[in-house]
Amino acid sequence: MKITLALLLIRLLSWMPLRLLYWLALFPAAILYCLPWRKHRVITTNLEIAFPEWTARERKRLHWRNLVAMARLVLESGAVWYWSSARLDRAVREVQGRDHLDQARRAGRGVLIIGAHHGNWEINALHLGLNSAFSGLYKAPRDRRIDLAVTASRTRFGNHLIAAGSPAMRHMLRALKSGGTVGLLIDQQPRQGEGVFAPLFGRPALTMTLVNRLARRTGCVVIFSDCRRLSGGRGWELAYRPVDSSVADADPVVGATAMNRCLEEHIRAQPEQYLWLYKRFSLQPEGRTDPYRNRR
């Protein structure tokens, strides 16, 4: 019943104008801001790590703007799940750096699109699929009904999904070696022993080595892609930017450092649209403590 109601609500949101949703987001954000939500501590800790030079008041202001951005992200779920290709394409007002993507494809090289939980990453993937074949890595929800609905929404423009797990590496290698385009989000913390520590906002962050391995084994072009929300509910702006070639370095730490450097630059450009509620720094090298532990 809850899932049915949620799907009906998402359908309702898809009929509403984007400009209206943009301003409606202020109300749930204000409620959330006043509630004793446990994620407030995570956001506060992350902002202290990322912006130690800011005053507490400046970080508090960013905290509020971030809650508004998250509310807008949720209200945009109707667009993500149900908008037509024409309506979605109209709402993407500008695409910067598209020539980097086109040039790699004309050369017959595989393209690895990396991104982060910034802006609206779902719109980013959908728009990419409007113009070319695209395979995205995803983690399937536990509930079968949710998985079917999510899969239908993400693949309706021709995108292909690669379920995370042991066969995923093989599928991505095959796609990249054949000149295809593969996408994945890089800002989540891998399990202990499955990544390397590389600096992010001046602190060690356990970072995936998947991008480094794919780039080394296929010689693909690695491009960072971002989808930023425009003010006033005018839509979104997409950007493509090549990642430094050292992302494919033989040393995975060098590769992870290059990747995190690119990630940090994109987050700093518009920090309020990043998903700060994730415990990105919870796993630390030996001798360093979890910054989220015992926070009040």
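The values are calculated or read from the model by the stated rules, or taken from the named source; none is laboratory data. Just so we're clear, the structure is a prediction, and the values are computed from it rather than from any experiment. Every residue, glycine as well, gets a Cβ built from its backbone with ideal geometry; the counts of neighbours run over all protein chains shown.
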Picked from the range 202-227 (must be buried (at least 19 other Cβ atoms within 10 Å of the Cβ) and out of contact with any Pro (no Cβ under 9 Å at 6 or more places or on another chain)), the residue nearest to LEU126 (Cα to Cα) is CYS227
Hits in the range 238-269 - residues which are surrounded by fewer than 15 Cβ atoms within 10 Å (Cβ to Cβ), under 19 Å from PHE51 (Cβ atoms) and of a type outside the set (D, E, K, R):
ALA269
ILE162 vs. criteria buried (at least 19 other Cβ atoms within 10 Å of the Cβ) and not in a helix (DSSP H, G or I):
yes
Between a residue in the range 1-19 that is in contact (Cβ under 8 Å) with a residue 40 or more places away in the chain and any residue that is basic (Lys, Arg) and not in a helix (DSSP H, G or I), which pairs come within a Cβ distance under 6 Å, given they are 6 or more apart or on different chains?
none
Considering only the range 36-53, I want to know if a residue exists there that is under 30 Å from LEU130 (Cα atoms) and either modelled with pLDDT under 95 or surrounded by fewer than 17 Cβ atoms within 10 Å (Cβ to Cβ) (or both).
no
Subset of the range 110-159 (residues that are assigned to a loop (DSSP other than H, G, I, E, B), surrounded by fewer than 17 Cβ atoms within 10 Å (Cβ to Cβ) and not polar (S, T, N, Q)):
ALA133, LYS139, ALA140, PRO141, ARG142, ASP143, ARG156, GLY158
Has the range 276-295 got any residue that is of a type in the set (Phe, Trp, Tyr), surrounded by 15 or more Cβ atoms within 10 Å (Cβ to Cβ) and assigned to a strand (DSSP E or B)?
no
List every residue pair whose Cβ atoms sit under 6 Å apart, with the two residues 6 or more apart in sequence or on different chains, where the first one lies in the range 56-85 and is closer than 20 Å to GLY232 by Cβ and in contact (Cβ under 8 Å) with a residue 40 or more places away in the chain and the second, anywhere, is surrounded by fewer than 21 Cβ atoms within 10 Å (Cβ to Cβ) and of a type in the set (S, T, N, Q).
GLY78/SER14
Residue check: is ARG90 closer than 25 Å to SER14 by Cα, in a loop (DSSP other than H, G, I, E, B) and more than 16 Å from the chain's Cα centre (by Cα)?
no
Criterion: out of contact with any Lys or Arg (no Cβ under 9 Å at 6 or more places or on another chain), surrounded by 15 or more Cβ atoms within 10 Å (Cβ to Cβ), among the small types (Gly, Ala, Ser) and on the phi < 0 side of the Ramachandran plot - qualifying residue of ALA56, ALA71
ALA71
